[in-house]
Amino acid sequence: TMSSKRSEAVQVVVRCRPLFGKELAEGRQRIVDMDVKSGQVTIKNPKAPDEERKKFTFDKVFDWNCTQREVYEGAGKPIVDAAIEGYNGTVFCYGQTGTGKTHSMEGKDEPPEMRGIIPSAFNHVFDAIDGSEGKDYLVRASFLEIYNEDIRDLLAKDQSKKCDLKETPDTGVYVKDLTTFVVKSVAEINNVLHVGKKNRTVGATLMNADSSRSHSIFTITVETSEVLEGESEEDAHIRVGKLNLVDLAGSERQGKTGATGDRLKEATKINMSLSALGNVISALVDGKSQHIPYRDSKLTRLLQDSLGGNTKTVMVANLGPADYNFDETMSTLRYANRAKNIKNKPKINE
Ligand code: ADP
Ligand code: MG
């Protein structure tokens, strides 16, 4: 099989959740409209009702009626398929706190139709493995969190330990000593997710932190080994696809939440990773920048390959529909709109 060297744009999809119970009770207005067929989003400025609605177009849009299954099929599945084939893939959710990032990435365990992209990917990977012949697979999982520019290994025995980033010309940027589990079934990888989520919650409580202020990355590595007919075991063809499933911290500015002291310091650091992400995107798409500031944050160093590199990337931008979130929703739409112009050069890792 030939490796593809074509460049392709980051896929950007937008998902808008329904109005909440509280928002409905307060009589909030929905200011977002979506046309699922054409991928268009329009938004009304509640402070200027006569102003024309702002329009944006994306690769796909998912409105408040869309199911978890539809979001997985449209935004997750193509990347998971690619990772099984040996490409690197990244799915990341961006947006204000409370807009459905974790709902989209994780969802709920039960009923099964409430499962998000991560557990759906687990089923998909093992279904693909069970259905294939003549190939051997090795699946590994790791799970980390970036909080206040510290990397925490969510699967480590010692949860007080912080991890360092390393870089080699061969492997690129990686987390030193990150715990990685070999997993042989959906049940085993689900267990890895649950252990990590529990450590995340316990850690957040100990640090008196809010998990919406940290970034998490669940990584699945799929290694495939195939011995072609007439060839010997030593000539096995090995491919490695790495799939990053990223739930970003909330993109709201601290001004609105009135953060001070430690909270403000923390918000600034979170914004360091998120604003670095914004700066990387700007530098990649303005066509003039010689220098892409990947090194400005842990998040952008870890996602370097996903933004302008050897990875197939999907960004899911999550929106709230209510009038009082107009500024944040506009900011998310503008952010997502810029990301459409990022070009990657994915190839199969052999
Ligand atoms: P975030 O991770 O962006 O802070 P959450 O995923 O925690 O947001 O979502 C906030 C709340 O809204 C949760 O109670 C979640 O179940 C609910 N929610 C989010 N998106 C949807 C959706 N598309 N449909 C129904 N409920 C949703
Ligand atoms: Mg969340």
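Bridging of Lys157 to aspartates and glutamates at a Cα separation below 20 Å is possible for Glu145, Asp177, Glu188, once same-chain residues fewer than 8 apart are set aside. Straightening the chain between Ser160 and Asn65 buys 30.0 nm, computed as 0.36 nm per residue apart minus the Cα-Cα spacing. Taking the longest Cα principal axis of the chain as reference, the axis of helix 261-285 is set at about 70 degrees.
Report the extension gain between Leu206 and Glu350 in nm, rounded to one decimal, defined as 0.36 nm multiplied by the number of residues separating them, less their alpha carbon distance.
On the way: separation 144, 0.36 × 144 = 51.84 nm, distance 4.27 nm.
Net length gain for the segment: 47.6 nm.
The stretch 80-152 and the stretch 36-76 have Cα centres spaced 24 Å apart. Measure nothing but the geometry: give the 0 to 90° angle between the long axis through the Cα atoms of 117-130 and the longest principal axis through the Cα atoms of the chain, rounded to 10°. The answer is roughly 20 degrees.
Within the straight-line cut-off of under 21 Å between alpha carbons, the lysines reachable from Lys162 are Lys176, Lys197, Lys198, Lys265, Lys269, Lys298, sequence neighbours fewer than 8 places apart in one chain being disregarded. Considering only Val173, Val280, Val13, the Gaussian network model of the chain with Cα springs below 10 Å gives its largest mean-square fluctuation to Val173.
With a 1.4 Å probe and every protein chain left in place, work out the accessible area per residue of the chain in Å², rounded to a whole number.
On the way: 17060 Å² over 350 residues.
Dividing the accessible area of the chain by its residue count gives 49 Å².
Reducing the stretch 319-350 and the stretch 8-25 to their Cα centroids gives an inter-centroid distance of 12 Å.
Rounded to the nearest 500, what is the chain's calculated 222 nm mean residue ellipticity when only DSSP H runs of at least 4 contribute -39500 (n - 2.57) each, over all residues? Don't skip to the end; give the middle numbers.
On the way: 10 runs with 106 residues, N = 350.
Here the helix-only value at 222 nm equals -9000 deg cm²/dmol.
Counting 0.36 nm for each residue step from Asp136 to Phe181 and taking away their Cα separation leaves a gain of 14.5 nm. Estimated at the nearest 10 Å², the accessible area of Tyr294 is 30 Å² with a 1.4 Å probe. Quick one: with all protein chains in place, what share of the accessible area of the chain is carbon or sulfur, to the nearest percent (1.4 Å probe)? Ligands and nucleic acids excluded, carbon and sulfur give 49 percent. Taking amide H positions as modeled 1.01 Å from N, with prolines and chain starts lacking one, the residues under 5 Å from Gln96 and 5 or more places away or on another chain are Ser251. The Rg/Rh ratio of the chain, with Rg taken over Cα atoms and Rh as the Kirkwood radius over Cα pairs, comes to 0.97.
Taking Cα centre as origin and charging only the Cβ of basic (Lys, Arg, +1) and acidic (Asp, Glu, -1) residues, the dipole magnitude of the stretch 61-212 rounds to 440 debye. Only the Cβ atoms of Lys and Arg (+1) and of Asp and Glu (-1) were treated as charged; on that basis the dipole of the chain about its Cα centre amounts to roughly 1480 debye.
What the phi angles of the stretch 183-190 give under the Karplus curve with 6.51, -1.76 and 1.60, with θ = phi - 60°, is a coupling list of 10, 10, 7, 4, 4, 5, 6, 4 Hz, glycine and proline written as x.
By the equivalent-ellipsoid construction on the alpha carbon gyration tensor, the stretch 1-53 comes out with semi-axes of 36, 16, 9 Å, ordered largest to smallest. Remark: relative contact order (the chain) = 30 percent; criterion is Cα-Cα distance under 8 angstrom and separation of 6 or more residues.
Taking every pair of distinct Cα atoms and averaging 1/r, then inverting, what Kirkwood hydrodynamic radius in Å comes out for the stretch 11-143?
Details: mean 1/r = 0.0590 Å⁻¹.
Hydrodynamic radius (Kirkwood, Cα only) of the stretch 11-143 equals 16.9 Å.
For the stretch 83-125, a/c is not less than 1.5, where a ≥ b ≥ c are the root eigenvalues of the C-alpha gyration tensor, and a/b does not top b/c. That puts it in the oblate class.
Taking label positions 7 Å along the Cα-Cβ direction at both Arg334 and Lys47, the computed distance is 1.3 nm, reported to one decimal.
The values are calculated or read from the model by the stated rules, or taken from the named source; none is laboratory data. From a predicted model like this one, the values you see are computed outputs, not experimental measurements. Neighbour counts are summed over all protein chains in view; Cβ atoms, including those assigned to glycine, are modelled from backbone coordinates with ideal geometry. Heads up: the accessible areas ignore ligands, DNA and RNA and are worked out on the full protein's heavy atoms, side chains in. Shrake-Rupley method; radii C 1.70, N 1.55, O 1.52, S 1.80 Å.
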